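This report refers to the structure that appears directly beneath it.
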Amino acid sequence: MFFLRRRTLILKAILVLTAIWFMVALLTTNGGSRNAIGAPPIEYEDAEAKPLKMAKPTATKRKSESYGNNLSDGLGVLAAPGSDNAPGELGKPVVLPKNISEETKLAVQEGWKKNAFNQYVSDLISVKRKLPDPRDEWCKQPGLYLENLPQTSVVICFHNEAWSVLLRTVHSVLDKSPPHLIKEIILVDDFSDMPHLMQQLDDYMSSLPKVRIVRATRREGLIRARLLGARFVTAPVLTYLDSHCECTEGWLEPLLDRIARNKTTVVCPVIDVIDDNTLEYHYRDSSSVNVGGFDWNLQFNWHPVPAKEKARHQHTAEPVWSPTMAGGLFAIDKDFFEKLGTYDSGFDIWGGENLELSFKTWMCGGTLEIVPCSHVGHIFRKRSPYKWRTGVNVLKKNSVRLAEVWLDDYAKYYYQRVGNEKGDYGDISGRKKLREDLGCKSFEWYLKNIYPELFIPGESVAHGEIRNVGFQKICLDSPTRKSDHHKPVGLYPCHRQGGNQIQNNEYGHFCIDGVTVQDGAKEDEIPFAKAAMCHGSGGNQYWMYSKNGEIRRDETCLDYSGHDVVLYPCHGAKGNQLWLYDARTKLLKHGSSEKCMAINRTKEKIVMETCNENEGRQMWNMENFNAERLSPELTAE
């Protein structure tokens, strides 16, 4: 009897344990789903907006294949940081040895192919690596920020992102932020199809209670993915980050402080560079901070803090006004974001949304700032690893919508650069009504008060070709195809199609010819000037002479520092980019060196010589020259 009773108790215990095991297994299998958000259908107020489909709940994603610790495939969970000598710790570069095996070489190549950065190196680095503190000491003084800061929801959109990079982004937000200030992290999966971003991601994030995953049911692109994520934000402040970032110590408080003091302030951190090959973390102090701008191709660019803005501050680490934002990383009051109409949902994929938000922030009652005390690293890729449908110029469509709604009469300068072909840009009546309802200021107000440094083509002293008098068929010329970047600037037959030429007087068929240099080019990559036959057809030979003495094409200027005449990003500080044109003598004198631009005697290239009013090689005709538009100080010189 004793043994029967004992066997009965054992059977009961087995049944109870089996039931408990089944419940635990069930909860574990669906562990990711408690962090998942099933998105209801999204409705847009704007008539031209395209509705998003309902986001798919995490639990309905197909389960990923078996994953172990195969890091080269972006799978597996990486260990926490060890010593400061571990790979990548403290932001140090990881350089692979030259004698790696063929198998490793293939893995490295595959990582580059899939991600456009060195995924193999990223997988060697802890997802919780330590970084140096890039802040100025001024940022660390007690009492600098308000005590009761608002919470934020961090929205991170991704598509087929590498495992280690995505996890490192999430952990940096959690580990480098005061816990009480992070309400939630919303990961928006823009229809990824890599196995590690399915059930594996659900399982991993299920251990992080503040992380939620929203999944789109079709490929939406960055703009609509961000709109999707914004629907689930519950904190008063919305922060957007890219999925290949690393936040540093003290990054969040300076941003939230500015919004807490004024809800119409939109703030951006300083974006530090994470090397795409070694993942080294590069940063500089606040004296090197740049602000955002744009050119008349409606492309974002960086430029130094203007002198007028510097004069407003006592320390370089204080927040500075910025005409535009890069768009990938910023924080904004959620109610203000919605008041501004969030993003134009008629925009496709990505491109132009940063300028639209920048313009309407300033024009509709807000302020846009770069906050030097906030640093976030970002992997800048040289190409996009993602494929999209062909046959549609998405960036042009978005830019035309932007120009039509916000640029007023200044839109013509953009249209001139796209051949005045607007194409089909959709219905913009809703966005125009938004601007009217908000009582926004004019774009002319924006240019005069927020971005007076921007060169306005209509205010140029001369525009068109610059033709040499001595070699009358030679013009200043610069090809603009990407394949021509970083090639020598020079002289070319005048063609009257604008773009890249200026003409010489003695040899009137010769013009200065060159290519436009990209922002951030290394010194040995800067092209120099050369000579070429004038072709008289515009295009690459269209130059503008500004009222401040610059010879420029949009944001690129002729620059001379003692060697060759090169094309270089305009900096507005005159110096090497100051050129004084005398319409009587037709000499083009360099401001700081006081030498004159000329074509060499063999008609091969541009040279700088002692000025001589009798030397035809130094004489140039500037098309449409109007001396009355010169600034008073240049007239005096």
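The values are calculated or read from the model by the stated rules, or taken from the named source; none is laboratory data. Remember, predicted model here, so these are calculated numbers, not experimental data. FYI the Cβ positions are ideal-geometry reconstructions off the backbone, even for glycines, and counts take in every protein chain you see. Surface areas here come from the heavy atoms of the whole protein model, side chains and all, with no ligands, DNA or RNA. Shrake-Rupley method; radii C 1.70, N 1.55, O 1.52, S 1.80 Å.
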Please sort 440-449, 272-281, 370-379 by packing, taking for each peptide the average over its residues of neighbouring beta carbons within 10 angstrom, highest first. 370-379, 272-281, 440-449
Förster radius 22 Å - calculated FRET efficiency between LEU146 and THR367, Cβ distance, rounded to 0.05: 0.80
Principal axis box of segment 245-364, alpha-carbon based, largest edge first, Å: 37, 37, 30
Packing rank of 105-116, 336-347, where each peptide gets the mean count of other beta carbons within 10 Å, highest leading: 336-347, 105-116
For ASN612 paired with ASP84, estimate the spin-label separation in nm (one decimal), with each label point 7 Å from Cα along the Cα-to-Cβ line. 6.3 nm
Given pairs LYS183/LYS433; LYS183/LYS263; LYS183/LYS382; LYS310/LYS334 and cut-off 25 Å on Cα-Cα distance, the over-length ones are LYS183/LYS433; LYS183/LYS382; LYS310/LYS334
Out of the total accessible area of segment 173-260 (probe 1.4 Å, heavy atoms of protein only), what percent is carbon and sulfur? 55 percent
Label-point separation, SER288 to SER429 (7 Å along Cα→Cβ), nm: 5.2 nm
Take the Cβ-Cβ distance between ASN600 and SER384 as r, set R0 to 41 Å, and report the resulting FRET efficiency rounded to the nearest 0.05. 0.45
As an exercise, use a Förster radius of 41 Å and the Cβ-Cβ distance of THR234 and LYS310 to find the FRET efficiency, rounded to the nearest 0.05. 0.60
Accessible area in the full protein assembly, largest first, 1.4 Å probe, for THR316, THR169: THR316, THR169
Burial order of peptide ranges 586-593, 88-95 (average beta-carbon count within 10 Å, highest first): 586-593, 88-95
Taking 0.36 nm per residue of sequence separation and subtracting the Cα-Cα distance, how much length would be gained by fully extending the chain between ASP335 and LEU580, in nm to one decimal? 83.1 nm
Describe numerically, in nm with one decimal, the distance between label points set 7 Å from Cα along Cα→Cβ at ASN449 and at LYS105. 6.2 nm
What is the percent of Cα-Cα separations in segment 570-637 that go past 20 Å? 31 percent
